[in-house]
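Heads up, the thing below is written out as structure tokens.
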């Protein structure tokens with residue numbers, strides 16, 4: 001059966017090869033030919049393969065495909081499309097010919113089409129693998145940036161889609177010896193199954209290796225424990241049995257390391273696989289050669305005279321591979337746990353939705369919900385997508401996304417967030433955001449991007465890792481030459497020292513130190529409603545020494561209320577409020593809503609205003625019944641030449657109470673005062689006090705006058721000298737600059753909407769929101785709740801994370817600084833020698849220890865000290881020091897070589 005598919009996105013022969021290889025893996029496919037020039041793929045099957053399976057394989061390769069048209073109507077449609085494409089091409093050619101008539105400089109330049117894609121990577125074994133893939137991708141034309149994370153097993157690539165396709169990038173990764181898929185084209189369950197399959201694969205290999213290697217451990221002890229049963233019978237057979245047991249371990253279980261070695265050689269580099277392959281091969285080949293020489297010399301494959309064949313180290317190679325596989329199994333399990341937070345977020349998503357179609361409720365998959373659908377939510381159900389309530393009401397538990405423990409009452413007109421839980425009522429809402437546009441999807445995307453990002457401190461580890469493996473190989477070669485040629489040791493002694501140095505070195509621990517900590521921290525932050533947009537803001541938050549708060553909506557509740565209406569002369573309160581509410585109805589100032597709301601509550605009719613005009617930093621003006629009225633602060637009155645001094649005492653009293661006092665006037669006189677207060681949040685004083693205890697200087701910035709600002713600052717616990725009052729919105733960024741000019745790192749906390757310039761200017765921008773109102777693109781750190789305690793938690797989490805990264809880096813360097821000299825037998829005079837297989841065990845455990853140390857960040861709790869995490873590096877360092885000593889003693893007991 002022949003099927004032709006029309007494929008879009010192919011650019012070159014590599015694209016053809018990639019599609020062919022993917023499709024050929026489908027059971028039932030007998031032949032595949034793909035043409036990039038024609039844009040088609042022709043597939044021959046035995047009839048058991050569906051078109052959907054083939055299309056899915058082509059999509060996995062990074063391309064889109066549809067079956068070629070076969071019915072007359074479809075053929076006509078296809079021909080029509082082709083004619084249009086030809087006409088378009090001819091038109092393009094005509095344009096090109098016309099362009100060639102102009103000068104070279106006047107030729108239009110094709111606009112760069114920047115595209116960002118995340119790829120899932122398969123087959124990486126160490127951080128060097130990530131470096132190989134990244135270097136390989138960056139070689140391609142059209143690549144603007146590429147970042148590969150071994151910890152998350154993802155590549156984030158920014159490229160010019162005019163010059164290169166996703167398929168070409170996948171092909172390049174495959175050429176480097178690895179596999180890649182576009183993230184998002186497989187569902188979370190498939191990704192989870194793949195991770196589980198990888199862990200199970202390492203576990204099976206480890207078990208097989210252990211079963212084959214343990215008998216050789218018994219053989220090793222035969223030389224030292226004369227009372228062991230069967231010793232006399234077994235000694236002659238040790239050589240041949242060890243050869244038989246070690247060969248499948250070396251050839252089959254070690255095949256992955258040889259593939260990695262081959263890939264690294266093709267890319268002209270070395271990785272962890274290179275070290276394992278070289279080290280185990282040295283021990284295995286040396287043993288095979290000695291075994292063959294002994295067998296031919298003595299005409300026997302058994303030990304002569306009841307003794308075992310000397311100078312065989314099959315157990316070294318077998319145990320090395322077995323221990324490394326054990327380490328990979330433990331490491332894979334631990335790495336899987338680092339992204340647990342994202343999986344939990346994905347699991348929050350509802351699977352189905354009940355929508356009204358033709359007036360009747362219908363349960364459909366969540367992917368079939370379209371914008372504008374009316375969705376029905378019953379008590380206890382998850383809200384499937386984002387929307388606005390149109391009928392009914394209930395309390396909604398948003399704790400899983402915002403961390404807010406108290407259910408939020410929802411009524412018609414209120415927004416609801418997908419994945420939150422309806423408590424006790426029923427309601428209907430109109431779907432407004434679906435698929436990748438929901439708040440949950442945005443959070444998942446933000447966390448995933450953050451987990452794959454690099455912190456500046458990682459550059460240090462990257463520089464060391466880039467040179468690490470070649471340096472280790474050089475050290476191992478020097479070790480061999482020194483022992484064998486200069487110090488006159490035996491060949492076996494020098495070779496075992498060479499092998500021990502090769503296998504004990506661990507660039508993985510160094511490479512995992514930073515990304516695993518970032519992955520766990522960003523995930524933990526998301527669980528607490530703190531969205532950290534990557535390693536850079538995470539690290540920068542640790543270095544801040546000053547923090548600036550916008551007043552309205554940040555330190556205060558952001559819902560001001562009218563508290564006082566004072567009249568002058570014969571004017572009454574209602575008249576003043578009607579005029580003021582009429583003016584403020586057209587204003588965008590945060591206090592305008594309070595005045596309009598108060599007038600509505602008092603059943604007052606707002607005046608009809610003409611010729612409205614906002615006066616920045618001063619107030620507003622407008623005409624009511626042919627009379628011009630002004631409403632604002634003292635500056636506005638002074639500009640009009642009106643005398644407000646007689647009201648100064650009243651104004652001052654109101655401002656000292658933390659209220660904002662505003663004056664209403666016409667062109668002749670001041671008519672009255674309206675005072676509005678925005679109470680501070682209950683958590684503000686405690687949060688400010690916590691930040692001060694953390695060593696931060698706390699500032700407040702506001703457009704209010706100095707007296708009002710000071711009153712709010714006193715309530716919050718901020719010193720008067722750290723208050724910046726009467727600051728226009730556009731000048732907030734300049735105030736941030738002024739504080740930065742004193743030489744300190746500054747964080748700015750605002751609502752993320754009207755504070756964007758100041759947030760961008762600060763070293764760390766922290767945007768506060770409230771559930772659906774949060775601006776995801778604002779700030780390096782986004783807080784889902786409008787609770788200042790989350791600011792404290794964010795800084796606390798960043799400090800703990802950077803501390804964890806430094807612990808990991810120290811431990812990685814300590815391990816290698818201590819381990820490599822011991823492996824090179826520098827301390828043999830002190831009786832400290834390390835057998836290669838035990839060196840391999842230490843190497844395997846070092847990566848696991850680093851990942852496990854990062855996982856301790858999952859114990860992070862706001863406003864609590866993570867004592868286990870704090871003391872972990874001390875314990876780890878002590879344990880590994882003792883472990884090195886014990887392993888050295890075991891090595892000496894077993895003759896060290």
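The values are calculated or read from the model by the stated rules, or taken from the named source; none is laboratory data. Everything quoted here is computed from the prediction, not taken from an experiment. FYI the Cβ positions are ideal-geometry reconstructions off the backbone, even for glycines, and counts take in every protein chain you see.
Here are the numbers for the structure shown:
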| read-out | value |
| --- | --- |
| Any hit, segment 837-845, residues being within 17 Å of residue 275 (Cα to Cα), in contact with a helix residue (DSSP H, G or I) (Cβ under 7 Å, 6 or more places away or on another chain) and not in a helix (DSSP H, G or I) | no |
| Residue count for segment 658-675, restricted to those that are without any contact (Cβ under 8 Å) to a residue 60 or more places away in the chain, part of a loop (DSSP other than H, G, I, E, B) and either surrounded by fewer than 20 Cβ atoms within 10 Å (Cβ to Cβ) or on the phi < 0 side of the Ramachandran plot (or both) | 2 |
| Helices (runs of 4 or more DSSP H) fully within segment 1-114 counting 3 or more residues that are out of contact with any strand residue (DSSP E or B) (no Cβ under 8 Å at 6 or more places or on another chain) and at pLDDT 80 or above | 51-60 |
| Restricting segment 178-204 to residues that are outside any helix (DSSP H, G or I) and modelled with pLDDT of 80 or more, the residue that is surrounded by the most Cβ atoms within 10 Å (Cβ to Cβ) | 180 |
| Extreme residue, modelled with the lowest pLDDT, among residues of segment 124-172 that are surrounded by fewer than 17 Cβ atoms within 10 Å (Cβ to Cβ) and assigned to a helix (DSSP H, G or I) | 135 |
| Residue selected from segment 544-560 under the condition in a helix (DSSP H, G or I) and farther than 14 Å from residue 792 by Cα, by the criterion modelled with the highest pLDDT | 551 |
| Filter result for the condition that a residue is more than 30 Å from residue 537 (Cα to Cα) and modelled with pLDDT under 90, over 368, 373 | 368 |
| Qualifying residue in segment 509-527 (condition: in contact with a helix residue (DSSP H, G or I) (Cβ under 7 Å, 6 or more places away or on another chain) and without any contact (Cβ under 8 Å) to a residue 24 or more places away in the chain) | no |
| Residue under evaluation residue 524, criteria (1) at pLDDT 85 or above; (2) under 30 Å from residue 869 (Cα atoms); (3) in contact with a strand residue (DSSP E or B) (Cβ under 8 Å, 6 or more places away or on another chain), criterion not met | (3) |
| Check on residue 531, in a helix (DSSP H, G or I) and either under 30 Å from residue 285 (Cα atoms) or under 14 Å from the mean Cα position of the chain (by Cα) (or both) | no |
| Residue check for residue 834: modelled with pLDDT under 80, closer than 30 Å to residue 482 by Cα, over 29 Å from the mean Cα position of the chain (by Cα) and not in a helix (DSSP H, G or I) | yes |
| Pair list, Cβ under 6 Å, 6 or more apart: segment 823-842 residue at negative phi, other residue outside any helix (DSSP H, G or I) and at pLDDT 85 or above | 833/825 |
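Listed here are the residues, each with its yes/no results for (1) outside the structural domain of residue 473 (by TED's automatic domain parsing); (2) in a helix (DSSP H, G or I); (3) crowded, with 22+ Cβ neighbours inside 10 Å; (4) modelled with pLDDT of 75 or more.
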site: 262; (1), (2), (3), (4): yes, yes, no, yes
site: 265; (1), (2), (3), (4): yes, yes, no, yes
site: 275; (1), (2), (3), (4): yes, yes, yes, yes
site: 279; (1), (2), (3), (4): yes, yes, yes, yes
site: 287; (1), (2), (3), (4): yes, yes, yes, yes
site: 293; (1), (2), (3), (4): yes, yes, no, yes
site: 296; (1), (2), (3), (4): yes, yes, no, yes
site: 300; (1), (2), (3), (4): yes, no, no, yes
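So that you can scan it fast, the table gives a plain yes or no per residue for (1) buried (at least 19 other Cβ atoms within 10 Å of the Cβ); (2) touching a residue at least 60 places away in the same chain (Cβ under 8 Å):
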{"position": "566", "(1), (2)": "no, yes"}
{"position": "576", "(1), (2)": "yes, yes"}
{"position": "580", "(1), (2)": "yes, yes"}
{"position": "609", "(1), (2)": "yes, no"}
{"position": "613", "(1), (2)": "no, no"}
{"position": "619", "(1), (2)": "yes, no"}
{"position": "625", "(1), (2)": "no, no"}
{"position": "632", "(1), (2)": "yes, no"}
{"position": "637", "(1), (2)": "yes, no"}
